[in-house]
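**Q** Got a structure for you, questions after.
The values are calculated or read from the model by the stated rules, or taken from the named source; none is laboratory data. Not measured: the values here are computed from a predicted model. We place every Cβ from the backbone using ideal geometry, glycine too, and count neighbours over all the protein chains shown. These area figures cover heavy atoms from the full protein model, side chains too; ligands, DNA and RNA do not enter into them. Shrake-Rupley method; radii C 1.70, N 1.55, O 1.52, S 1.80 Å.
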Amino acid sequence: MNKTICLLPGDGIGPEILAQAVAVLEAVAKKFGHEFRFESALVGGAAIDAVGDPLPEETLRTCRQADAVFLAAVGGPRWDSLPPEQRPEKGLLRIRKELGLFANLRPAMLFPELAGACLLRSDIAVRGLDLVVVRELTGDVYFGEPRGVEVRNGLRTGYNTMIYTEEEVRRIAWVAFETARKRRRKVCSVEKSNVLEASRLWKEVVLEVHRDYADVELSHMYVDNAAMQLVRDPAQFDVILTGNIFGDILSDEAAVITGSLGMLPSASLGASAPGLFEPIHGSAPDLAGQDKANPLATILSGAMLLRLGCDLPQEAEAVETAVRKTLADGFRTQDIMEPGMKAVGCKEMGARVVERLLS
Ligand code: NAD
């Protein structure tokens, strides 16, 4: 199979971790007889430095022509003093908007080999954690109008608008039910319908979509309860379906309880444009250029790219298995290091995964 993949290395540790993930994809191509064409483009601080724009038109064009977009991370202290519109992170928000990436899939998984890093009590951790947060990405209070800060009755007043159309809810609900069908067939829709009208519509539409998915079990939960249940009993969740702001918070919570930011991948999908695949962590400027970063979140994002962006599920599984075996072999970057394990840098971790993949 021939596929074109747009690479966006970005800033900080971005180029280092992406290089390892590309080496893994090249090994996949060799093992399974595919041809991947990689096209690199500028994004974030690197693009600001080169052409003064965090998302140059040329980058957008390269993304649109690709089958999938593979992003590492953007940002860093160097660009922190720029006005919000010109900062590296703006490039990321714009790329999601421009490609219409309305669905963000974030699996949170506790690798048995890394159970020691989990922040939960061992009697809870032992029940396992293997869930996906399906978060709506282009609507809600982050984009709703009107928004602003103004003086009302002599007081400075800030306001935003939580808003969802039925179509926006329908298409993300569809993604969640389809995702559940490939997993344990359970969707928990998270909202705040006891207080918010936008959430009441959300629940109504999710129930309507569910009529086409009788084989998937649907439950509903208020977001405050969901935040508690994630630490009390995360094993109950398979797919969590939620809006932009609730998903932002819950997906970070789900990620951090696994204890290893450097392990977690994500995918953002649209109706037709290429999907965007990226690790959930940032550009870790404190580690940049030192061969210390953990490349596994990016390598696992590469597995999501194979499964969801290229429709190559067997190849995706081969990458995930290679990562597991590498961990079982005892190799650890410093962020997931435990006594008795073998410390490796970013490059060696990538090389070990490639070795396992090809063995
Ligand atoms: P961060 O995720 O970059 O780092 C948080 C902590 O986790 C740091 O201690 C870092 O060393 C560690 N860490 C992160 N990734 C790691 C990896 N792969 N291996 C080992 N350790 C890792 O978050 P931050 O420090 O809040 O932000 C740094 C910069 O990244 C900021 O400019 C921020 O805006 C940007 N950022 C970008 C994205 C993105 O590109 N999607 C996401 C979050 C933050």
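**Q** Looking only at region 24-44, how many residues end up being near the ligand (Cβ under 10 Å from one of its atoms) and either at positive phi or touching a His at 6+ places or on another chain (Cβ under 7 Å) (or both)?
**A** Count: 1.
**Q** Find the strands (runs of 3 or more DSSP E) located wholly in region 212-279 whose residues include 1 or more that are open to solvent by less than 30 Å² (accessible area, probe 1.4 Å), over 21 Å from Phe102 (Cα atoms) and in contact with a Cys (Cβ under 8 Å, 6 or more places away or on another chain), and list them.
**A** Qualifying strands (runs of 3 or more DSSP E): 217-222.
**Q** Next up: Which of (1) open to solvent by less than 30 Å² (accessible area, probe 1.4 Å); (2) within 16 Å of the ligand (Cβ to nearest atom) does Pro56 not meet, given it meets every other one?
**A** For Pro56, the failing item is (2).
**Q** Then there's this: Are any residues in region 63-98 open to solvent by 10 Å² or more (accessible area, probe 1.4 Å), modelled with pLDDT under 95 and under 25 Å from Val132 (Cβ atoms), and if so, which ones?
**A** Hits for region 63-98 are Glu89, Leu92, Leu93, Arg96, Lys97, Glu98.
**Q** Kindly establish whether Ala21 is within 16 Å of the ligand (Cβ to nearest atom), farther than 20 Å from Leu93 by Cβ and buried (at least 20 other Cβ atoms within 10 Å of the Cβ).
**A** yes
**Q** Also: So Ala117 passes all but one of these: (1) closer than 20 Å to Gly309 by Cα; (2) in contact (Cβ under 8 Å) with a residue 60 or more places away in the chain; (3) within 16 Å of the ligand (Cβ to nearest atom); (4) buried (at least 18 other Cβ atoms within 10 Å of the Cβ). Which condition number does it fail?
**A** (1)
**Q** Checking the structure you have, find out if any residue of region 184-194 is among the β-branched types (Val, Ile, Thr) and not in a strand (DSSP E or B).
**A** no
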